[in-house]
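Structure first, then comments.
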Amino acid sequence: FSTAADLARFARMFLNGGELDGRRYLSGASLKRMTTMQTGARNVGFGLGFALPGEDYGHGGAYHTDLWFN
């Protein structure tokens, strides 16, 4: 559980390729692996921790706290 502001910062880090406020949290290679299809059919499947419907990626989260990136 977190605040909306923290979740927005978390999303910004992913959208900035793993960096936030000048600090790297994820390497580009890690982000690529997380968002590369690992299971499922073409255009509908899962990477490492993310659903991958088409070009977008995201996570459903508990209690419908969905977070999607595009």
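The values are calculated or read from the model by the stated rules, or taken from the named source; none is laboratory data. All values derive from a computational prediction rather than experimental measurement. Because the Cβ atoms are built from the backbone with ideal geometry, glycine has one as well, and the counts that use them run over all protein chains shown. Surface accessibility is based on the protein's heavy atoms, side chains included, excluding ligands, DNA and RNA. Shrake-Rupley method; radii C 1.70, N 1.55, O 1.52, S 1.80 Å.
Observations on the model:
- Helix axis angle, 4-15 relative to the chain longest principal axis, alpha carbon, degrees: 60 degrees
- For the chain, the fraction of 1.4 Å probe accessible surface lying on carbon and sulfur atoms is 56 percent.
- Dipole magnitude of the chain about its Cα centre (Cβ charges: Lys, Arg +1; Asp, Glu -1), debye to nearest 20: 240 debye
- Considering only 50, 8, 28, and ranking their Cα positions along the charge dipole of the chain that arises from unit charges at the beta-carbon of Lys, Arg, Asp and Glu, the one farthest toward the positive end is 28.
- Computed [θ] at 222 nm, deg cm²/dmol, the chain (DSSP H ≥ 4; -39,500 (n - 2.57); rounded to nearest 500): -8000 deg cm²/dmol
- Summed over the residues of the chain and divided among them, the accessible surface reaches 74 Å² per residue at a probe radius of 1.4 Å.
- Descending semi-axes in Å of the chain, equivalent ellipsoid built from Cα gyration tensor: 21, 16, 9
- Compared with the direct C-alpha span, the chain from residue 36 to residue 6 gains 8.3 nm at full extension, assuming 0.36 nm per residue.
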